[in-house]
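Q: Pasting a structure here, questions to come.
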Amino acid sequence: MLKIKNLHVNAAGRPVLKGLSLEMKAGEVHAIMGPNGSGKSTLSYVLAGRDGYEVTDGTVEFMGQDLLSMEPEDRAALGLFLAFQYPVEIPGVSTTTFLKTALNAIRKKRGEKELEPAAFLKLQKQKIQQLGMDPEMMKRGVNVGFSGGEKKRNEVLQMAMLAPKLAIMDETDSGLDIDALKVVSEGVNALRGPETSFLVITHYQRLLDYIKPDIVHVLANGKIQKTGGPELALLLEEKGYADFYDATEAA
Amino acid sequence: MSNAAIAPETLETIKALDKYEAGFVTDIESDFAPKGLSEDIIRFISAKKNEPDWMLESRLTAYRHWLTLPEPEWANVSFPPVDYQDAYYYAAPKTAAAPKSLDELDPKLLETYKKLGIPLREQEMLNGIAVDAVFDSVSVVTTFREKLHSAGVIFCSISEAVQKYPDMIKKYMGSVVPYTDNKHACLNAAVFTDGTFVYIPEGVRCPMELSTYFRINEAKTGQFERTLIVAEKKSYVSYLEGCTAPKRDENQMHAAVVELIAMDDAEIKYSTVQNWYPGDENGKGGIYNFVTKRGICKGARSRISWTQVETGSAITWKYPSCVLLGDDSVGEFYSVALTNNYQQADTGTKMIHIGKNTRSRIIAKGISAGKSNSTYRGLVRIAQKAENARNYTQCDSLLIGDLCGAHTVPYIENKNPTATLEHEATTSKISDKTLFYCRQRGIPEEEALTLIVNGFCKEVLQHLPMEFAVEAQKLVAISLEGSVG
Ligand SMILES: Nc1ncnc2c1ncn2[C@@H]1O[C@H](COP(=O)(O)OP(=O)(O)OP(=O)(O)O)[C@@H](O)[C@H]1O
Ligand SMILES: [Mg+2]
């Protein structure tokens, strides 16, 4: 479903990813852990197609297509979703309007009919309830005045509404309180299925107690340094990253 | 919003808005005044309209004063000196010298308005909005006359009002914007050709929205319209105006004067969707929109609210204002000014607080794209006797790209210590990150830009009547087309 081969990426002229390879199958949950500045968000941005990152080498195949040659909106239509580490605010555009616009834009690109307003609202209501969100928030500008945790929840709501094939979650757990973490994780688990894969970026093993990964990767110094099962996350929690890469090489 | 610069590819494509759908010319035979401006031309216009002597005299007085006035130079706009002799001051379709009923109207004119999205006939049938259609220098038709008449509302062209209601015209025309006010208003007082007169009697709530649709058609022709709205005690009216012009390489002058008068407990809502031809992507052509609009809240508890969406014109110079004379009167100004390419807009308002407990509210949103320049200029004046006056001003500027400019020039003159004045101003840029966020959700770049800009304007657009709000949103989208992607 996703095949990243030998990916090299420069940010502002400086190499950040230096030969990253990773493969995911449909329905799998992979976790990526790694020190600050190791390139986790960079990887998520490159996959989603953000400008400003220069791919100097490597390939990415997603759903059988050459992902790197596609526009961000086309990647979204193909089923790629990124829950941002730092979601943006869009004043004056209600979350409902935003979501309706997004969902219909994606449907249009896929050659599907626009969703009837009633059907949309029903779907939205159901997802809002599932995530324990206040429906009043949907009327406010996207993320405007939302608390850190509310923003993260709103990312998961959008993910649930757009029902992606691959959801990349960039530190969606940071900023969530214990209860929210549970609710959000349940929301994510409800989306799990044979067709849906998750790439979960996190610093904390705690999240992985709720969203059980199939595979855990350690990203450091621009590469996947180690890949293992859920036990790897526990090991990291205990020992830190030092054993997995040569920190002097990173600078 | 973050300040991260917009991507170079995006900038690269901030260019042509060649989507000006109103840019066509109607092929119709017109009657012109000889080219140029002189006392003879003014006599010509006055004779064409069969005006009484007092009207001609008032025009000539204004003209003589105009000759002595300097051009206003304080606005943040630049353009070569206007050659007043190189234009026609009167042009009218031969078939439409005086307003006719819809059945008598030249089909070409019906067709023109239909193409502009104002199907006069259907509108009449759908019982929608009453329209005064002004084509170059004349009002060609006003709809729903009977229905309005039976409610006691007068809705007719200003030329007709000069003939039929001379006492009201003498009493009110020039009472809010005297010919001495500024050079453009003075020229209008001398050469105005048509426009709309509205009178709402005491206690009447106007049964429908009133509107005027201004169309410039002929080349080298200026349009100088005059609108006068009088709302008697406890009356209410909502009035809309729209305007368009053909695409031409030349600059054409549009110098209008609008006067509003609200008596005790009366309310006037005045909305504008200004879509004059803005010029091409190189700044060639477009309308010079030099407009003086002012309302007076004469009576206690009266209310005047201006809402404007300015997307067109090469240059916009207008400051719809409120004189808050009556105690407890309220003035409001809601504005969206969108400039792209080489457009220049210097617009804002004046709120003059004279009565006690007067309140005013200003929400101004400026959006600049391309190489355009947008300035908000506002004055809040609290007179000595205006006890407990309050003003709230909010000016927000949104920049698209790095080559445009946005400026905010607020003036405050306060002579009363009990006044409460609040002012907020922000400038932001549509960041690369925000656009990316939308695109990641599947929204194409251009649609994302429109979504963000309409969100930015929401507080203003929601003050427009329903049908116009939808129109205005579309217009914002069209005006931004070509800005990205
Ligand atoms: N647009 C950019 N311009 C310059 N440097 C960048 C840019 N984006 C990322 N970097 C640099 O690339 C490196 C990797 O950043 P990235 O945000 O991907 O790290 P991360 O693994 O997500 O870290 P964290 O755990 O703190 O979120 C950092 O050194 C960062 O400063
Ligand atoms: Mg990160």
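Here's the yes/no breakdown for (1) more than 16 Å from ligand 1 (Cβ to nearest atom); (2) at negative phi:
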residue: A:199; (1), (2): no, yes
residue: A:203; (1), (2): no, yes
residue: A:209; (1), (2): yes, yes
residue: A:213; (1), (2): yes, yes
residue: A:216; (1), (2): no, yes
residue: A:222; (1), (2): no, no
residue: A:233; (1), (2): no, yes
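Q: How many residues are open to solvent by 10 Å² or more (accessible area, probe 1.4 Å), within 14 Å of chain A (Cβ to nearest Cβ) and over 22 Å from residue B:360 (Cα atoms) when one looks only at region B:399-435?
A: Residues meeting the conditions: 5.
Q: If a residue must be β-branched (Val, Ile, Thr) and without any contact (Cβ under 8 Å) to a residue 12 or more places away in the chain, how many such residues does region A:94-153 contain?
A: Selection size over region A:94-153: 2.
Q: Only one residue in A:158, A:130 is modelled with pLDDT of 95 or more and away from ligand 1 (no atom under 16 Å from the Cβ). Which one?
A: A:158
Q: Among the residues of region A:3-52, write down those that are near ligand 1 (Cβ under 9 Å from one of its atoms), assigned to a loop (DSSP other than H, G, I, E, B) and basic (Lys, Arg).
A: Once the filter is applied, which keeps residues that are near ligand 1 (Cβ under 9 Å from one of its atoms), assigned to a loop (DSSP other than H, G, I, E, B) and basic (Lys, Arg), region A:3-52 yields only A:50.
Q: Right, another one. For region B:160-211, enumerate the residues that are on the phi > 0 side of the Ramachandran plot and either of a type in the set (D, E, K, R) or assigned to a loop (DSSP other than H, G, I, E, B) (or both).
A: B:174, B:203
Listed here are the residues, each with its yes/no results for (1) within 16 Å of residue B:420 (Cα to Cα); (2) among the hydrophobic types (A, V, I, L, M, F, W, C); (3) at pLDDT below 95.
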residue: B:288; (1), (2), (3): no, no, yes
residue: B:306; (1), (2), (3): no, yes, no
residue: B:320; (1), (2), (3): no, no, no
residue: B:326; (1), (2), (3): no, no, no
residue: B:347; (1), (2), (3): no, no, yes
residue: B:357; (1), (2), (3): yes, no, no
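Q: Follow-up. Just to verify a result, which residue in region A:12-44, among those that are open to solvent by 20 Å² or more (accessible area, probe 1.4 Å) and within 13 Å of another protein chain (Cβ to nearest Cβ), is nearest to ligand 2 (Cβ to nearest atom)?
A: It comes out as A:41.
Q: Go through region A:56-103 and give me each residue that's open to solvent by less than 20 Å² (accessible area, probe 1.4 Å) and among the polar types (S, T, N, Q).
A: If the condition is that a residue be open to solvent by less than 20 Å² (accessible area, probe 1.4 Å) and among the polar types (S, T, N, Q), then A:94, A:95 are the ones that fit.
Q: Would you check if there is a residue in region A:122-134 being among the basic types (Lys, Arg) and within 13 Å of chain B (Cβ to nearest Cβ)?
A: no
Q: Could you please tell me which pairs satisfy a Cβ distance under 6 Å, a separation of 6+ or placement on different chains, a first residue in region B:15-33 that is surrounded by fewer than 14 Cβ atoms within 10 Å (Cβ to Cβ), and a second residue that is at pLDDT 80 or above and in a loop (DSSP other than H, G, I, E, B)?
A: none
Q: Do we find that residue A:68 is more than 9 Å from ligand 1 (Cβ to nearest atom) and touching a residue at least 24 places away in the same chain (Cβ under 8 Å) in this structure?
A: No.
Q: List, please: which pairs have Cβ atoms under 6 Å, are six or more places apart or on different chains, and start with a residue in region A:6-21 that is at positive phi and end with one that is at pLDDT below 95 and more than 9 Å from ligand 1 (Cβ to nearest atom)?
A: A:19/A:223
Q: Quick one: residue B:438 ticks every box in (1) touching a Gly at 6+ places or on another chain (Cβ under 9 Å); (2) open to solvent by less than 10 Å² (accessible area, probe 1.4 Å) except a single one, so which number is it?
A: The failed condition is (1).
Q: Filter region B:436-473 down to residues that are more than 7 Å from every other protein chain (Cβ to nearest Cβ), over 22 Å from residue B:397 (Cβ atoms) and in contact with a helix residue (DSSP H, G or I) (Cβ under 8 Å, 6 or more places away or on another chain), then give me how many there are.
A: Number of matching residues: 0.
Q: From the list B:307, B:311, B:227, which one is in contact with a His (Cβ under 7 Å, 6 or more places away or on another chain), buried (at least 24 other Cβ atoms within 10 Å of the Cβ) and in contact (Cβ under 8 Å) with a residue 60 or more places away in the chain?
A: Being in contact with a His (Cβ under 7 Å, 6 or more places away or on another chain), buried (at least 24 other Cβ atoms within 10 Å of the Cβ) and in contact (Cβ under 8 Å) with a residue 60 or more places away in the chain holds for just one of B:307, B:311, B:227, which is B:307.
Q: Name the single residue, out of those in region A:157-170 being over 18 Å from residue A:28 (Cα atoms) and out of contact with any Leu (no Cβ under 6 Å at 6 or more places or on another chain), that is farthest from ligand 2 (Cβ to nearest atom).
A: The selected residue is A:162.
Q: Take the residues in region A:185-206 that are open to solvent by 10 Å² or more (accessible area, probe 1.4 Å), assigned to a loop (DSSP other than H, G, I, E, B) and not basic (Lys, Arg); name whichever of them is nearest to ligand 2 (Cβ to nearest atom).
A: Among those residues, the one meeting the criterion is A:203.
The values are calculated or read from the model by the stated rules, or taken from the named source; none is laboratory data. This is a predicted model, so every value here is computed, not measured. Because the Cβ atoms are built from the backbone with ideal geometry, glycine has one as well, and the counts that use them run over all protein chains shown. Side chains included, ligands, DNA and RNA excluded: accessible areas come from the protein's heavy atoms. Shrake-Rupley method; radii C 1.70, N 1.55, O 1.52, S 1.80 Å.
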